[in-house]
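This report refers to the structure that appears directly beneath it.
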Amino acid sequence: MSALASEPRTPDTLLLRNVRPYGEGDPVDVLVRHGVIAEIGAVTADGVETVEGNGAVLLPGFVDLHTHLREPGREDTETVETGSRAAALGGYTAVFAMANTDPVADNAVVVEHVWRRGREVGLVDVHPVGAVTVGLKGEKLAELGTMAKSAANVRVFSDDGHCVHDPLVMRRALEYSKALDVVVAQHAEEPRLTVGAQAHEGEQAARLGLQGWPAAAEESIVARDCLLALHAEARLHVCHVSTTGTADVLKWAKARGTKVSAEVTPHHLLLTDDRLSTYDPVNKVNPPLRTNADVEALRRALAEGVIDCVATDHAPHAVQDKDCEWSAARPGMLGLQTALSVVVEAMVRTGLLDWRGVARVMSERPAEIAGLPDHGRPIEVGEPANLVLVDPDATWTVRGAELASVAGNTPFEGMELPGVVTTTLLRGRVTAGRIPA
Amino acid sequence: MRHLLSTEGLDRATATSILDTADNLKRALLGREVRKLPTLRGRTVITLFYENSTRTRVSFEIAGKWMSADVVNVSAGGSSVSKGESLRDTALTLAAAGADCVVVRHPASGAAHRLAGWLAEAGTSVVNAGDGMHEHPTQALLDAATLRERLGSVEGRRIGIVGDVLHSRVVRSNVHLLATLGADVVLVAPPTLLPVGVQNWPVTVSHELDAELPSLDAVMLLRVQAERMHGGFFPSAREYSIAYGLNENRLGLMPEHAVVLHPGPMLRGMEIASAVADSPRAAITDQVRNGVHLRMAVLYHLLAHEEEAS
């Protein structure tokens, strides 16, 4: 475990020496006082606790619109505490915890419980996502207003894992959300087209004898929802975009004024269904890994802003749910601690994004989409010190067993990835040190 | 050869060697009163079947017994599998109990691959006796043995495979093996029963059976499973039978020497007319007979061959 500074050890004043905001220009010093950025420049402060940056890149703390913290219900795979630690180590200062817990977060009691657990742990701002429909069944709207107005102040609603497939239910959800100033995040998957689906429908699935998950099952729902959102003049957020066609639909919908935003996962930016040949379910995820052409298209769409942000879909699973035959395995992958490095590998090293771009897709846009006032802010005097320091030149080798999550199901096992989060600050407090190499 | 998991990746020399061994075994047993060879005495073969099967399981069992192996049959209904034990634990248990070879049939594609991974340290061989929609390599090998027997060779022959390509493990194994052995394969099916991506397979695809029959040296019919009939893949059993069923008229469109294969079990009157199934042109019982010798050969290559070579 890395050196985690607990509350008493973090002083009121902290100096970040030799850091480069957005990776630009010569190194500067950043003085943080009482959780706020107090000075930027050549700071002379004696006797102040100092983090030596050695020229590291300073970014606003990351915001993840899509995590599964598994509490309540599957604490054998992740808890709010372990998930928060993974998030802090990954450079996150805010995460959104999906509603598919047991019991489902479809009421104020559960969302307030998750929110309170996040506060108690205090390593990252944990914002519960409320379910759109009761029990994630897609039939009856959950009490969105009650959850929005609860202590948890729910801003994002999603039946993630399930698609709100009934067009009338989705229309009502979009319309109803307008009064609450919240956003509905759709897991786009037409269920009639994905009965028994196991892998991206294409050459690999045909060869491996795996039931196909056609791209059209995602694209048709995204197209439908964009039309509904425009008609209802409501906001829509599309979870884990995985296909070229969805990127095309989003581009078209945005061009005609639809208030739609979208996320892509790190794994869909780096991995393809070529990995399925081993039948190792560590590569099983929903939506499934797609083709190299899709990976290229998703990278371009993210660089161009057609896809707004990166969200991890961090999905811890127990060993027995992965160390089995493919069709019996649960879909999902860990993502919180590897996200930044995968984005550096897929987007920065390829020249598609600079560090300003990384700040945009990892922090600023997700904070805007969710309406978080204190995250994704500019690195300026007077702004909240939700910050992350990244060593852009260092690399590390991913080991599932060494990650902070209870589960270890990372598809990046053994991969050497660039970009190491060295320090995370939540309102000036150090929540993570260096990831163990 | 440590495992037989798929025909994809099985090289021509190895495949031919297995077919030759099957031929030799068949000749060696011909006319013998006691059809038993001592080759695998003291070796234990476990058949582990998670799906109902008569012919494949019996074929492996007889093959093992004729080679003097101890054969133990485990079926999903009659073991701790029904109590919810994982495939991995079941596999490790069977290996620990002394299995030299596990013959596995499982509804999940890739199950045999996973089993081979879990048993890597135990040294147990795995034979894939059918995994989901993926492969059924011994079926393809016995089909090739039958084609060789009936046609003299596989190389350069044109083989039609008709029916539910999408869900068929027999097709996948046959496509790889027949391509490796140098045959031309044409798949005939309605578009709903062909996988997306089939255009990259080493085959020709057709939707017109009548147009293909005159150029075929053999036609292989696939069983149409009941759940497909009700799954909306085609309008009705009647329409399927009219378009893709092999009746006597269609048999007449094929060259004189052409043979008819079916992996079984057959749906008479559906994909194949009774008169065709029972005609001398049909090699269906030959397939079953050759299946035993072929599986003897596979067990030999997995369990005995290496030792003799060294």
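The values are calculated or read from the model by the stated rules, or taken from the named source; none is laboratory data. Everything numeric here is computed off the predicted structure, so don't read it as measured data. As a convention, Cβ positions derive from the backbone with ideal geometry for all residues, glycine included, and neighbour counts pool all protein chains shown. Accessible surface is based on the protein model in full, side chains and every heavy atom, while ligands, DNA and RNA are left aside. Shrake-Rupley method; radii C 1.70, N 1.55, O 1.52, S 1.80 Å.
Okay, here's what the table says:
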| quantity | calculated |
| --- | --- |
| All positions within the stretch A:176-186 that are in contact with a Ser or Thr (Cβ under 8 Å, 6 or more places away or on another chain) and in contact (Cβ under 8 Å) with a residue 60 or more places away in the chain | A:183, A:185 |
| Subset tally (residues that are closer than 18 Å to residue A:138 by Cα and within 14 Å of chain B (Cβ to nearest Cβ)) for the stretch A:157-216 | 4 |
| All positions within the stretch A:18-42 that are open to solvent by less than 60 Å² (accessible area, probe 1.4 Å), more than 13 Å from residue A:56 (Cβ to Cβ) and free of Cβ contacts under 8 Å to residues at least 60 places away in the same chain | A:25, A:31, A:41 |
| Filter pass, residue B:186 being more than 14 Å from every other protein chain (Cβ to nearest Cβ), closer than 22 Å to residue A:206 by Cβ and either assigned to a loop (DSSP other than H, G, I, E, B) or among the aliphatic types (A, V, I, L, M) (or both) | yes |
| Long-range neighbours under 7 Å by Cβ, at least six apart or interchain, first residue within 20 Å of residue A:323 (Cα to Cα) and within 13 Å of chain B (Cβ to nearest Cβ) within the stretch A:265-280, second among the charged types (D, E, K, R) and assigned to a loop (DSSP other than H, G, I, E, B) | A:273/A:290 |
| Residues of the stretch A:112-131 that turn out to be touching a Ser or Thr at 6+ places or on another chain (Cβ under 6 Å) and either closer than 27 Å to residue A:168 by Cβ or at pLDDT below 95 (or both), as a count | 1 |
| Any hit, the stretch B:169-176, residues being open to solvent by 10 Å² or more (accessible area, probe 1.4 Å) and among the hydrophobic types (A, V, I, L, M, F, W, C) | yes |
| For residue A:293: the one exception among (1) within 14 Å of chain B (Cβ to nearest Cβ); (2) within 21 Å of the chain's Cα centre (by Cα); (3) under 30 Å from residue A:368 (Cα atoms) | (2) |
| Count of the stretch A:254-307 residues which are touching a Pro at 6+ places or on another chain (Cβ under 9 Å), open to solvent by 20 Å² or more (accessible area, probe 1.4 Å) and β-branched (Val, Ile, Thr) | 1 |
| Hits in the stretch A:261-281 - residues which are within 19 Å of the chain's Cα centre (by Cα) and in a helix (DSSP H, G or I) | A:266, A:267, A:268, A:269, A:270 |
| Qualifying residue in the stretch B:146-163 (condition: within 14 Å of chain A (Cβ to nearest Cβ), assigned to a loop (DSSP other than H, G, I, E, B), modelled with pLDDT of 95 or more and buried (at least 20 other Cβ atoms within 10 Å of the Cβ)) | no |
| Residue match in the stretch B:108-117 (condition: of a type outside the set (Phe, Trp, Tyr) and touching a Cys at 6+ places or on another chain (Cβ under 8 Å)) | yes |
| Which listed residue, of A:76, A:106, is open to solvent by 20 Å² or more (accessible area, probe 1.4 Å), within 22 Å of residue A:164 (Cα to Cα) and assigned to a loop (DSSP other than H, G, I, E, B) | A:106 |
| Residue, least open to solvent (accessible area, probe 1.4 Å), within the stretch A:326-376, restricted to residues that are hydrophobic (A, V, I, L, M, F, W, C) and over 22 Å from residue A:239 (Cα atoms) | A:326 |
| Hits in the stretch B:189-211 (condition: open to solvent by 30 Å² or more (accessible area, probe 1.4 Å) and assigned to a helix (DSSP H, G or I)) | B:191, B:192, B:199, B:200, B:210, B:211 |
| Criterion: within 14 Å of chain A (Cβ to nearest Cβ) and either without any contact (Cβ under 8 Å) to a residue 24 or more places away in the chain or at negative phi (or both) - qualifying residue of B:203, B:219 | B:203 |
| Count - residues of the stretch B:233-246 that are part of a loop (DSSP other than H, G, I, E, B) and open to solvent by 60 Å² or more (accessible area, probe 1.4 Å) | 1 |
| Residue within the stretch A:164-172 that is touching a Ser or Thr at 6+ places or on another chain (Cβ under 6 Å) and of a type outside the set (Asp, Glu) present | no |
| Qualifying residue in the stretch B:217-228 (condition: surrounded by fewer than 21 Cβ atoms within 10 Å (Cβ to Cβ) and in a strand (DSSP E or B)) | no |
